[in-house]
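Presented below is the structure to which this report refers.
The values are calculated or read from the model by the stated rules, or taken from the named source; none is laboratory data. Every value quoted in this text rests on a predicted model; they were computed, and no experiment measured them. Every residue, glycine as well, gets a Cβ built from its backbone with ideal geometry; the counts of neighbours run over all protein chains shown.
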Amino acid sequence: MDRRQIMGGMLVLGGAASLPGAALAAEARPGPRNLITDVAGLKVGQAEDLAARTGVTVILPDQAAVVASDVRGGGPATRETDATALENLVHAFDAVVLSGGSVYGLGAADGVVSWLGARHRGFSLSPAPGVPVSPVVPGAALYDLANGGRKDWGVEPPYRALGMKAVAAAGDQFALGTAGAGCGAMAGGLKGGIGSASIVSSDGITVGAIVAVNSAGSVIAPDGKTFWAAPYEIGSEYGGLGSAGLKAAPEDWGRARTNPEPRKNTTIAVVATDAKLTPEEAKRVAMMAQDALALAIRPTHTPFDGDVVFAMATGKIDVIGPRPFATAKIGTLASDTLARAIARAVYEATPWPGAKVPTWKAL
């Protein structure tokens, strides 16, 4: 990678100064998979229970990674987000879990913790023979309990087993749409799902996003099929319709849910980078990435949503130049990439087997 200098907010390439945005527009591109797994050191595994119309997605770093979280929805279901607070002990995390199932779905992390612990992956303050390590696995769940799937699981919800199955399946490739944590999701009045995207910056930093979209708000403008995230589309990754259809009256929410209920709608996501970030910098990236929900969903961050964004840094690439500028650039790329991932989740979604449910492709 050639070393670039940053002077007075300008990016200097080969002795000539140019605006950072101009360099990014000219050179930034999606990674080879256009998935979060383009970030070096990351794998993703998924598992579904189609009868129950639910599932689990695990984001698994090769080694413990810096993780931060930002919670803005009015009805979140979370696990270990307090552990990501900057003042707390642990600053390296073993996985992040996204799940359906609301509070039941938080149990998916139990399966992931067991799988990691059996492989001696986890935190230990004072390692000693016979003393298990403690895998630290934050997570968030969305509400898919009322989607018509079989939920008569009694005292044995499927999520621990799904979590273990998902982490065991972790790899570079994974399905989008009706898969993983997005299996049971709806996005406003359309089928929601799992989406992912990536970008490689002009100076070689990779940023990726993965998201389970189960929002109260709509991802498309009223009276058409145009995604609110249309300005950020690269190529035709979600239909290539352009931005001409982006228009809405102040109180026209289009295909948003007409009767949303508290705690039943959520967009949960992970943005990741291969750059070396401090926990404080990762926190800022998570906060900036939350703006993607405002770019891609209308309305968002409502009292009915449990929106959560995690930021993960695998630390494979040194940041060059002033760190505040680098953090701002990574956060902006994370926001735009997450907006693209939200649109891809709905674009790729298909009905559950044997079910009739509105999808974007059927509009």
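Descriptive notes on the structure:
- Some residue of region 348-360 being out of contact with any Leu (no Cβ under 8 Å at 6 or more places or on another chain), more than 20 Å from residue 139 (Cα to Cα), at pLDDT 95 or above and surrounded by 19 or more Cβ atoms within 10 Å (Cβ to Cβ): no
- Residue 266 being touching a Phe, Trp or Tyr at 6+ places or on another chain (Cβ under 9 Å), among the hydroxyl-bearing types (Ser, Thr, Tyr) and modelled with pLDDT under 95: yes
- Region 294-306, residues that are touching a residue at least 60 places away in the same chain (Cβ under 8 Å) and farther than 15 Å from residue 138 by Cβ: 295, 296, 297, 298, 299, 300, 301, 302, 303, 304, 305
- Of the helices (runs of 4 or more DSSP H) lying entirely inside region 261-363, those carrying at least 3 residues that are more than 18 Å from the chain's Cα centre (by Cα) are 323-347.
- Looking across region 218-234, the residues that are touching a residue at least 40 places away in the same chain (Cβ under 8 Å), assigned to a loop (DSSP other than H, G, I, E, B) and more than 30 Å from residue 145 (Cβ to Cβ) come down to 233, 234.
- Check on residue 221, surrounded by 24 or more Cβ atoms within 10 Å (Cβ to Cβ) and not acidic (Asp, Glu): no
- Neighbours by Cβ (under 8 Å, 6+ apart or cross-chain): first from region 344-357, on the phi < 0 side of the Ramachandran plot and of a type in the set (S, T, N, Q); second modelled with pLDDT of 95 or more and not in a helix (DSSP H, G or I): 350/177; 350/178; 350/191; 350/359
- Residues of region 57-82 satisfying the condition of being of a type in the set (A, V, I, L, M, F, W, C), over 24 Å from residue 177 (Cα atoms) and either without any contact (Cβ under 8 Å) to a residue 60 or more places away in the chain or part of a loop (DSSP other than H, G, I, E, B) (or both): 64
- Restricting region 50-92 to residues that are buried (at least 23 other Cβ atoms within 10 Å of the Cβ) and farther than 21 Å from residue 196 by Cα leaves a set whose member that is modelled with the highest pLDDT is 52.
- Residues that are hydrophobic (A, V, I, L, M, F, W, C) and surrounded by fewer than 24 Cβ atoms within 10 Å (Cβ to Cβ) within region 33-48 comprise just one, 40.
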